1. Hey, if we sort E76, E24 by accessible area with the 1.4 Å probe, largest down, what's the order?
2. If I stretch the segment between A94 and E24 completely, what's the gain in nm (0.36 nm per residue apart, minus their alpha carbon distance), one decimal?
3. Using label points projected 7 Å from each Cα along Cα→Cβ, tell me how many nm separate C33 and D65, to one decimal.
4. If each of A133 and K104 carries a label point 7 Å out from its Cα toward its Cβ, how far apart are those two points in nm?
5. Give me the one-decimal nm value for the distance between modelled label points at K113 and D55, 7 Å along each residue's Cα-to-Cβ direction.
Amino acid sequence: MDAQPATAQAAEQTIALIGIGDDEQFAIARAACSGTLKWRGTYSSIAALADVQIDEGCILLIDEDTASPDTIDLLEQNGERRRGALSILQTSRAEVRHVVSAMKRGVADVLIKPCTPGRLRSAVFDARHRVCASAAPHGRMHSR
C-alpha cells in the first residue's frame, strides 16, 4: 500500500492564516496568501478571537507590539483555545528571556522586528509545512 495519495492530500490542504494586532502589520503576510494559504482576517487581540472558530491546523500571526501589552500572558491563558493552531510571534523585544517565554507558551517561531519580507514569508511557509506534516497520516506504509 502506498502513502503517496494521503501525503499529496495533506500538501493540498487549505491552511487559514489569521493576523492578531494592527492590520497594517500584516500586508506582507496577506500578499503571501495564495493557493492553499488563505487569509482569514485580522483581530485586534487574542481576546478578540473569543467568538472565532480556530480551526485545527490554522496559523496565528501575532504582532505583539500592536496586539496587547500582555500578549505573553494571554498566550498562556488561551493555550487550550489555540491547541490546534500554530502561532508565530512578531515582536520588537529581542531579549532571549522574552523569546523563550513565548516559545514555552506554544509559539512556534519568533520574528524580531524589523524582519525582512523574505524572513516573514519563510516563517509562514515553514509553519504551513509543519501544519501539513502534522495532518499527514502517522506511521509509514511501505509498498512491495
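1. Values: E76 115, E24 145 Å².
Putting E76, E24 in descending order of accessible area: E24, E76.
2. Working: separation 70, 0.36 × 70 = 25.20 nm, distance 2.11 nm.
Residue separation times 0.36 nm, minus the Cα-Cα distance, leaves 23.1 nm.
3. 2.2
4. For the pair A133/K104, the computed spacing is 2.5 nm.
5. With each label placed 7 Å out from Cα toward Cβ, I get 2.7 nm.
The values are calculated or read from the model by the stated rules, or taken from the named source; none is laboratory data. Source: prediction; values computed, not measured. So basically every Cβ, Gly included, is an ideal-geometry build from the backbone, and we count neighbours across all protein chains shown. Accessible surface is based on the protein model in full, side chains and every heavy atom, while ligands, DNA and RNA are left aside. Shrake-Rupley method; radii C 1.70, N 1.55, O 1.52, S 1.80 Å.
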